[in-house]
Every structure is written in structure tokens, then in C-alpha cells.
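What follows draws every value from the coordinates through simple rules; no lab data is involved. Since this is a predicted model, take the numbers as computed values, not measurements. When we count neighbours, we look across all protein chains shown, and the Cβ atoms used for this are built from the backbone with ideal geometry, even at glycine.
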Amino acid sequence: MTKFSDLALDPRVLQAVSEAGYESPTPIQAEAIPEALKGRDVLGIAQTGTGKTASFTLPMITLLGQGRARARMPRSLVLCPTRELAAQVAENFDIYAKHTKLTKALLIGGVAFGEQDKLIDRGVDVLIATPGRLLDHFERGKLLLTGVQIMVVDEADRMLDMGFIPDIERIFQLTPFTRQTMFYSATMAPEIERITNTFLNAPARVEVARQATTNTNIDQKLVFFTPSRKDRTFTEKRAVLRELIRAEGEACTNGIIFCNRKMDVDVVAKSLKSHGFNAAPIHGDLAQSERMKTLDAFRDGSLHILVASDVAARGLDIPAVSHVFNFDVPSHPEDYVHRIGRTGRAGRHGKAFTISTPHDARQLAGVEALIKTEIPRAELPEGTDLAGAGSARPPRERSESKPRGERGAERAGRGRDRSRGGERERAAREDQTPVLAEAGNEQPQAPAEPQSEPRQSEPRQNEPRREKAEPRRDAGRSTGRDSQRQPREAQTSREPAAARENGHSNGRDSQPRDNAQRDHSHREHHRRDRRDDGPQVVGMGDHVPEFLLRSFRIDFPQIADEPADDPRENEVQVLTDAGSQDN
């Protein structure tokens, strides 16, 4: 059997590996490390959990043992799709390079730029980054990639799923053509194969397992059920999940629950905690500090259940996971292989349960076609009560509850009761009787005759009386502003009753007031002096000064001694039209 001592690694690296407790390399490590030490490009294809991280970290440390990094010009670059995977690679580098003087920098989102800029300015040998944050530093002028000697792309198929392929191509173009490239992926999609053919130079292909195959140490089960109603699918799936966890009992030392959507991750984690489970969520919308804190708690055993999106499906090294639960059938069939690959690692036995409904038939068919086997079916756990799942309460009797329309009318009635006269209006609406004008009247008022169009001379119904809003300031005045503010009803009431009966009041058929006179009165009202004392200003409509009615002419006579175009020395003479025949 091959050992690490047979792979021509640096003695300091071998010492760190031995202290970490490793003696024999995994198949991908045994095949990839010798090719990488020769300086060749490497294309590694292996399922998750096979030790791909050490297969490029160990030869990288050995090759970078000689030389020194310059400021803002890293000597090697490792690209990872997620922050957690990048942080894990950085931890492995610290373990294997602790006896060397190599430096590293971790560039991920959720961390301030300042500290990362300081590390880059000092010069680093190994730069571990996510594509987005790496390009951010480059565009800010804080980073140069012309000194990269070794470039590694980890989990390339995950990069494709997350839409990072354009960024990867741009980063490749920013690095030297003479670099050594190591490219690792669990599957080989056509787009991934195109990139390898473009940017890798005669790579050594290392494939230790058939693409998209599941680990034989994992016991897979599919729990299929039909929800009682379509709108209760999510609630009943949570009930099935809880019963699955309870049925495993002490065998489930810890577990990861995968959901397709971030919002479902939060809901499932909250539901489990409300039912007494020790669970916490992790997804891309959480702060980086909170995500790392949750992962650390899951690794040290203080957290029992981790509810995650696919951010935790790739590359995370948690060797002691006993169970994986697929709350949703993954949308991409490849994600199923990566999800269940979180268990059954390092020769351990694991279990993977997938909850499915008739709605997931298409996704389930894609998964089984990818792994080329049918997932064994399992019955619902004994005692699963789908009818009583969630917080659904038995419906109340129809006699005890009121229809929605009556409840809305009742609330509206209560709102009107707070206003003036609201109770009488509700009583009139319920009894279908006219509202009494006064409490002592015995005869109801006759309903008003419908009026097709409002009369032009009548005021608006909701317009307040001006006497109330603006009381009279001088009770002794009989004319003036206050007399003009009297409403039209008072003017109409002073008209003869016979005229009103004959239809000659201020209505549609009556003679309208003169428009010019009404406009003049309106202007005069607003131009009056607002003070009670002192003379009132007479508007120009009543009297026009005489000088404004007189025409005039300006004559600029020529002066012999001065230029005619100098207006400062000209004399101005105003000639009026009094006695003048010219005008």
C-alpha cells in the first residue's frame, strides 16, 4: 500500500501530515500528487469526500517551498465556490504548512476589505478566495495576478451551478499562460469540459470513481407520501421529518437537513426548535460570523441538527455526520450525490433519507437516472399523524361562527358607532326603517326627492358655513366682508316665496348673475384690508387714477455739441396729450 512517504513530498510537509494522523493517501491523492509534483496540469474527477483538498494542498506547499512572495502579487491561487469551503481550505493549509514559512490570505465576502488589503500588501504565497471577492480586490487596484505560478479551481461543477463560469474565465485570462493548473470537479458537464480544453495544457486526468456515483457506505431510503391537501404539503412534510428523526433515536447522533430554498431553511429550523429539537439554520443570507459560529457548533457536537441550503452540500469536511435528510428532492440531480455525501465518510456508515411527494416525480426521475439505480422505498414512520400536523385546529361549528360578510359589516358598524349618530344609522340599516330626525318625532321624515343634477346656485352639502369658521369681527357692520360671506341659502330665503314656488329662485332657470360683476366682487373681497381699523384700500376696479388714462410720448432731441448716441446727456421731454393734436 502506498504511503505519504513514497510521494516525494517535502519533509516538513510529511511531518505535518504525520502529526495530523494520516499515513496512507486516498486513491485520488495517490494519483494526483505525483503528477502535480512534476509540474503538469491535473484534471481530477472524484465524488465528494475523497480527499481532493489534500491532493492539491500538499504538492502546492512542496512546490512553493523555495522563493518569496512580493507585495500584491500572490504566488498561487485557490478558487472556491463558497465561503465555507474557502475557509476549510485555509484551515487545511494551516495544518499542512505549519512547519514552513509560507503565508496565506483568505478573501471571502462578509469580511471587511481593510484587513484583507493589509495581508495582500505584505505579500502572500497562497491566496484562497471566492471569485466575486477576488475580482473586487482586482478592480480596486489592490491585487495583481501576473505572479501566479499555481492555480487551483475546486468544485468546478458547483461554480457552474452558481453562475461563476464567466468570472472563472476572466480570472484565467488575468493569470500568466505559463501557470500550472489543477482543476477538480465531481461531474464533467459540457461547459466544464469546454473550460478544461481551453485553459488546461495536456492535463493528467485522474478519475478514481465513476462520475455521479454514491458511496456504498450510505444506506439510502426514499419516504414517499401523498399530502391530504396541496396547501398542507409543507406542513405535513415537516411532520414526516420530525417522525423520521424520532424513529432513528440515539442512532442519529447528528444530522444535516437540506432544503432547496433559503426561506424554507429558516421555517424548518424554527419548526424543529419549537418541537424540542436542537437545530439551527445556515444559508447564504446569514452573516459570515453567524455561519461560521453555527458550523463550529455542529462540528464540536453542541448542535445536533443543521438545517442547510446547498451552501453546505459541497466540500465541507464534517466526517462524523450520521444522517442526512433531504427535505426537498434537489432540483439538480448532481446535488443529490453531494448532499448524501456528507455522511458515510472516512469508511463510516451513514444513512440518507429523502422525503418525496407526487409533485417531485420529475426531479426524482432525474436523480435515479443520474445514479443509475432506484432509491429503495421506505414506509412512513409508525405513528405519523398527518391529519394533526402543524398548528391546524378543528374548525368551529358554522352556528358559532359568522360568515365573512357579516363579520366585516359588524366591524364596520362598530367603527361607525364611534362617530356621531352611528348607532341610529346601524339600527336603521338593520330594521329597514327611516331614521328619525329627532328623538321626539313620531312620524318619520319623508325621503328626499332624487335630484338628477345639483343646482348651480346651491352650496355643497359638506361645505362648512363661513360664519362658523371665520366669525364676524365687527358686529356693528351691516356691509362689508361678512355680508358678502353669507351663504346662498340665506339669500334665497329672503326672496319672495311666490318666486321660489314659481321656479324663479336662484336655480337653473333663474337669471344668472353677471360674470364680470361676480369676478369683480371676488377680487375686491380678497384685496380688502384685513385690519379692523384704518381706511380700506379701494381696488382699481372701482377707481382708476387719471394719470394711468393719459397717453404720453418720450422725445429724445439731438444735441449739437454731444454725440447723438450718448443717452446720459440727452434731455427727456414728456409731452402729454392735453391740447396736443399729434396724439
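The tail of the calculated P(r) for the range 131-257 beyond 18 Å holds 68 percent of all Cα-Cα pairs. Could you tell me the distance between the Cα centroids of the range 62-78 and the range 91-166, to the nearest Å? Distance between centres, Cα-based: 12 Å. A straight Cα-to-Cα reach below 24 Å connects K273 with the lysines K237, K262, K293, K351, residues fewer than 8 places away in its own chain not being considered.
Counting only Cα atoms, the range 4-207 measures 44, 40, 30 Å along its principal axes, largest extent leading. If you add up the charges near E139, with Lys and Arg at +1 and Asp and Glu at -1, over every other residue whose beta carbon is less than 14 angstrom from its beta carbon, what do you get? Combined, the nearby Lys, Arg, Asp and Glu give +2.
Each of the peptides 12-20, 303-311 was scored by the mean count of other Cβ atoms within 10 Å over its residues; in descending order, highest first, they stand as 303-311, 12-20. Annotation: amide H-H contacts under 5 Å for M151 (H modelled 1.01 Å from N, sequence separation of 5 or more, or interchain): L77, Q180, T181, M182. Counted residue by residue at 0.36 nm each, then reduced by the alpha carbon distance between them, the extension gain from K98 to K118 reaches 5.1 nm.
Legend: translational diffusion of the range 234-304 by Stokes-Einstein, Rh = Kirkwood radius over C-alpha pairs, 37 °C, 0.692 mPa s; D = 255 µm²/s. How charged is the neighbourhood of A387? Take every other residue with its Cβ under 10 Å from the Cβ of A387, and add Lys/Arg as +1 and Asp/Glu as -1. Overall, the nearby charge balance is -1.
Other residues lying with their Cβ under 12 Å from the Cβ of K351 contribute a combined charge of +1, Lys and Arg counting +1, Asp and Glu -1. Whole-percent P(r), the range 218-378, all Cα pairs, 5 Å bins from 0: 1, 9, 19, 24, 22, 15, 7, 2, 0. Of the peptides 36-42, 225-231, the order by per-residue mean of other Cβ atoms within 10 Å, starting with the highest, comes out as 36-42, 225-231. Cross-link partners for K3 among the lysines, with Cα-Cα distance under 26 Å and sequence neighbours closer than 8 places in the same chain left out: K38, K52, K98, K101. Highest mean first, the peptides 108-120, 73-85 sorted by other C-beta atoms within 10 Å per residue fall in the order 73-85, 108-120.
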